[in-house]
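Derivation of every value follows stated rules applied to the coordinates shown; laboratory data play no part. The structure presented is a predicted model; accordingly, all values stated were derived computationally and were not measured. Cβ placement follows ideal geometry from the backbone for every residue including glycine, while neighbour counts extend to all protein chains displayed.
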Amino acid sequence: MKRETAQPLQNVSFRPWNRRDIHVLARLARELYAYIESIDPVWRTSPGAEEHLRGHLLDLFTARHAMTYVACDRQEIIGFITGSITQRPPVILPHRDGLIDNAYVNARWRKRGIGTRLCRMLLAWFTEQGVKEIRIHYQVSNQGALRFWERFGFRPWTTQAHLWLSGKSGPGT
Ligand SMILES: CC(C)(COP(=O)(O)OP(=O)(O)OC[C@H]1O[C@@H](n2cnc3c(N)ncnc32)[C@H](O)[C@@H]1OP(=O)(O)O)[C@@H](O)C(=O)NCCC(=O)NCCS
């Protein structure tokens with residue numbers, strides 16, 4: 001069945017990040033964290049999260065082993081994806097691989113192919129860098145993310161488990 005886009009993407013452009021984007025990207029990354037928090041009670045964001053995210057993104061930008069692609073509606077950033085190349089312990093192969101850090105598209109712009117386009121750009125960048133294996137972490141409760149990544153061929157691989165001690169079932173209980 002042919003998919004209809006609600007709104008044409010003719011004004012949407014895609015480009016690599018620059019330093020001036022970091023402020024906005026930290027705000028969008030904060031929105032992403034709030035979204036995860038809304039579907040997963042274990043995931044909680046600390047006060048000052050946006051500032052921490054800004055610092056993290058600045059570190060990635062400065063270290064130059066990372067790349068972010070942004071989608072813009074005219075000048076406004078409406079989505080982004082960040083990936084970095086990680087060095088792994090020498091006992092493990094491969095010695096370096098790619099890690100997708102964050103992927104987020106503003107809710108108003110989802111399901112129009114923007115996330116797919118951003119992801120393809122990042123995978124092409126990893127390939128150019130000689131990276132052959134990519135990892136991504138996502139919450140098992142994030143069914144939309146699971147579907148999205150599986151379309152690219154990602155398959156669940158390790159499991160991280162969580163326990164509330166003393167029979168607690170949540171942070172406030
Ligand atoms: C995951 C996310 C980045 C995907 O971005 P997106 O722009 O919606 O992605 P796409 O539009 O390329 O693809 C999403 C779905 O829309 C469908 N789609 C793509 N183009 C479409 C179109 N033109 N019309 C209708 N549907 C379309 C895709 O087939 C895909 O279907 P799926 O549900 O089977 O995966 C976005 O949904 C998001 O920000 N989610 C909240 C945050 C999040 O969970 N991030 C990932 C953390 S790991």
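Numbers below:
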| item | result |
| --- | --- |
| Average projected area [Cα convex hull, the chain], square nanometres | 12.7 |
| Residue of 103, 71, 34 that the Gaussian network model of the chain assigns the largest fluctuation, springs spanning Cα pairs under 10 Å | 34 |
| At least 20 Å along the helix axis (C-alpha) and Kyte average at least 1.0, DSSP helices within the chain | none |
| Within the chain, helix-based [θ] at 222 nm, where runs of 4 or more DSSP H residues each add -39,500 (n - 2.57), nearest 500 | -11000 deg cm²/dmol |
| Per-residue HN-Hα couplings for segment 90-100 [Karplus 6.51, -1.76, 1.60; θ = phi - 60°; Hz; x = Gly/Pro] | x, 6, 10, 9, x, 5, 9, 8, x, 10, 8 |
| Inter-label distance for residue 37 and residue 135, nm, one decimal - labels placed 7 Å from Cα along Cα-to-Cβ | 2.6 |
| Peptide ranges 73-83, 123-133, 156-166 listed from the most packed, as the mean C-beta count within 10 angstrom indicates | 73-83, 123-133, 156-166 |
| Neighbour-limited loop hits for trypsin sites (Lys or Arg not before Pro), segment 138-171 (at most 10 other Cβ within 10 Å; DSSP other than H, G, I, E, B) | 168 |
| Amide H contacts under 5 Å for residue 97, placed H, 5+ residues apart | 86, 88 |
